[in-house]
Amino acid sequence: MTTGRVIGIDLGTTNSCVAIVEQGRPRVLANSAGYTTMPSIVAMTNKGERLVGHLAKRQAIVNATHTVYASKRLIGQRWDSPIVKRMQTVVPYKIISGPHNDARIEIYGHAYSAAEIGSVILAELRELAEEQLDETIKYAVITVPAYFNDAQRQATKDAGRMAGLEVLRILNEPTAAALAYGHGRQDEDEKCIAVYDLGGGTFDISILELKDGVFEVISTAGDTFLGGEDFDQRVIEWLIFGFAKANKLDLRREPMTMQRLKEAAEKARWDLSTIQETEVNLPFLITDNAGKTHNLQQTLTREKLVSLCDDLIQRSIKICQFALDSANLTPKHIDEVILVGGMTRMPRVQQAVTSFFGRTPSRNVHPDEVVALGAALQGASLMEQRNNVLLLDVTPHTLGIMIAGGFFQILIDKNTTVPCSRSHIFTTVKDYQTQVKILVLQGESFRAEENQLLGAFVLDGLRPAPRGEVEVEVKFSISADGIVSVAARDLETGQQQSIIVEASNHLTEEEIQRMIEENRDHALASKTSKEFLRQREIAEQDIEYVQRMKTKVQKIVGELPLGQDALRKANEIIERTHHAIAAEDLPQLISEIAALQRTRKIFHQLLEHAQKGA
Ligand code: AMP
């Protein structure tokens, strides 16, 4: 039994926040200067002094190369990943390759992992809570973006451990926000909530259902590389370009100059959240080869800012549409929109969200504090073992294994409620095969190599027998933290092998390719047969075709009773086909394919009829 106080921590890309629950009410903790959020920044001075939060931020300009911000973007990432490559071009600190091909941050000759940097921030928040409450804190609930993969969640949990905390739960940020929003509203009617979270580094959208005090996430989507940092970058580029044009000087030469530009860009954006026009003023910004110093002075309007960044906002809206589509919902189904993250203070963001969902977002939550408050509520409920707040979260990615032919066999679909486990029986594909290698993958492609490899292990000692005779059960389990474990069991001998899926950053790209190659000799085949895969492909093509025709039918005969009837039936058939695919029900799938083909015929007739009539 765990007893004691638990803190809720929102470990943000830009800012972090800590909250507790007292007498059933959540509240955020302020530091001695009164700040309720702390910059997620860690710095080292040349005297070996470590600075965290506001102190680190204040000296960032003069110590740019040893001041680490946005480290959350590096957590759980491989050094050779595109995200890390991109980070290297925008941050002044040095990112190097670690011993396991992981991204490390070099400060004064020492290589720190992003989890270590995260742990420094977490430890600071733990100390803040200990000071405020005058007690030792052992437990925490830490939030992560819903779109974080397994490696990123593991690394965040490690960061908590390094900070001296036992992490009771890794919670999705939007789920935490909905929890805080729903606190004290248990008696309200059933509601469908959209949480739009645009922070410093990441964007997340989650659709949740709130009913009788139960929160169920029905769909999530996001982009781990979309946030305020990208907006800043647009403004910085605009300033650099303008300056280069006017002065023939490249500001990118100096880390300190870049740091000043970054601060000025962010400040200008903040100003433009309340006023229409602001001045970017940076005196003595750079000295040219002749020794002359140059100042930067530029007016930035709200309109210009929008034109620089509108595509970023539209990208977030597209992701909202995607989240709704995968839940089979439209904006009309959403009863409440909650805005989370500092970036939602930007008026253009609010406008875009309002116009997409067709409603004004809720003003009852504080965008910077709501996630930590939700984490604290979840912590308190775990601690008290209370059952009146039940949280059903979903897995953000599809998980499965590679099977013969290089196919991806799904075991757990994306948006499945966690905790969960699913198993599937496979058979050997070669005569006298005594070994199978399980490649655990996440992704959406039916081709294994297009998905991300999470881990691999071998099950040895199978009975040598003709192919198809030996059966192996593979079981996937996802804990409430979203951490995946996989087990394979020889059904004849009961022999078993399992792994907790570890960060894929222990593998290089070559190692991954090599494993995929090797696996071809030790593959498993799905017991659901090649026939199922073939029919699934036919069904998917038919669905796509019917979806396209639906748009035309809607336009031409959507108003007529005959047209409406055909459209309703088509939707039902598509849904049944999806179910048959998910349940791997081959007979059902074949019958739905026939129904889809009838639908195609009916649609053709309707369209032909309408054209003749016209
Ligand atoms: P978060 O990760 O939720 O702390 O959000 C931080 C991001 O919100 C940073 O990129 C900030 O620049 C941005 N932000 C904070 N306040 C404002 C504001 N008033 N106007 C525009 N952006 C803001």
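Here is how the numbers come out for the structure above:
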| read-out | value |
| --- | --- |
| Amide N of region 129-155 lying under 18 Å from the label point, which is placed 7 angstrom from the Cα of residue 362 along Cα→Cβ | 146 |
| Cut-off 19 Å, label 7 Å out along Cα→Cβ of residue 495, residues of region 425-447 by amide N | 425-439 |
| Proximal lysines to residue 211, defined as alpha-carbon separation beneath 26 angstrom and excluding residues fewer than eight positions away on the same chain | 191, 332, 414 |
| Gap separating the Cα centres of region 175-216 and region 298-320, nearest whole Å | 26 Å |
| log10 of Debye I(q)/I(0), alpha-carbon scatterers only, for region 395-500 at 0.18 Å⁻¹ | -0.83 |
| Sum of side-chain charges, residue 413 neighbourhood, beta-carbon under 12 Å (Lys, Arg +1; Asp, Glu -1) | 0 |
| Theoretical gain in end-to-end length, residue 289 to residue 555 [0.36 nm per residue, Cα-Cα removed] | 89.2 nm |
| Region 130-194: trypsin sites (Lys or Arg not before Pro) in DSSP loop, at most 13 other beta carbons within 10 Å | 185 |
| For region 345-351, 3J(HN,Hα) per residue [Karplus equation, 6.51 cos²θ - 1.76 cosθ + 1.60, θ = phi - 60°, Hz, x = Gly/Pro] | 7, 6, x, 5, 5, 4, 4 |
| Kirkwood Rh in Å, taken over all unlike Cα pairs in the chain | 26.7 Å |
| Computed accessible area, residue 446, all protein chains, 1.4 angstrom probe, square angstrom | 90 Å² |
| Relative contact order (%) - region 1-122, alpha-carbon pairs under 8 angstrom, separation at least six | 19 percent |
| Fully extended contour minus Cα-Cα distance, from residue 591 to residue 326, at 0.36 nm per residue | 93.0 nm |
| Chymotrypsin sites (Phe, Trp or Tyr not before Pro) restricted to DSSP loop in region 85-132 with at most 15 other C-beta within 10 Å | 108 |
| Which of 244, 312, 71, positive extreme of dipole for the chain (C-beta unit charges) | 244 |
| Accessible area, probe 1.4 Å, largest first, for residues 492, 471 | 492, 471 |
| Loop sites in region 18-66: trypsin sites (Lys or Arg not before Pro), DSSP, at most 10 other Cβ within 10 Å | 47 |
| Residue 110-residue 247 FRET efficiency (beta carbon distance; Förster radius 35 Å; 0.05 resolution) | 0.40 |
| Inter-probe distance in nm under a simple model that places probes 7 Å from Cα toward Cβ, at residue 33 and residue 127 | 1.5 nm |
| Rounded to 5, percent antiparallel among DSSP beta bridges of the chain | 85 percent |
| For region 228-310, size of Cβ-based charge dipole, Lys and Arg +1, Asp and Glu -1, in debye | 320 debye |
| Residue-span extension gain [residue 425 to residue 22] - 0.36 nm each, minus C-alpha spacing | 140.2 nm |
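The values are calculated or read from the model by the stated rules, or taken from the named source; none is laboratory data. Every value quoted in this text rests on a predicted model; they were computed, and no experiment measured them. Glycine also receives a Cβ, built like all others from the backbone with ideal geometry; neighbour counts cover every protein chain displayed. When the accessible area is computed, the model is the full protein with side chains, heavy atoms only, and any ligands, DNA or RNA have been set aside. Shrake-Rupley method; radii C 1.70, N 1.55, O 1.52, S 1.80 Å.
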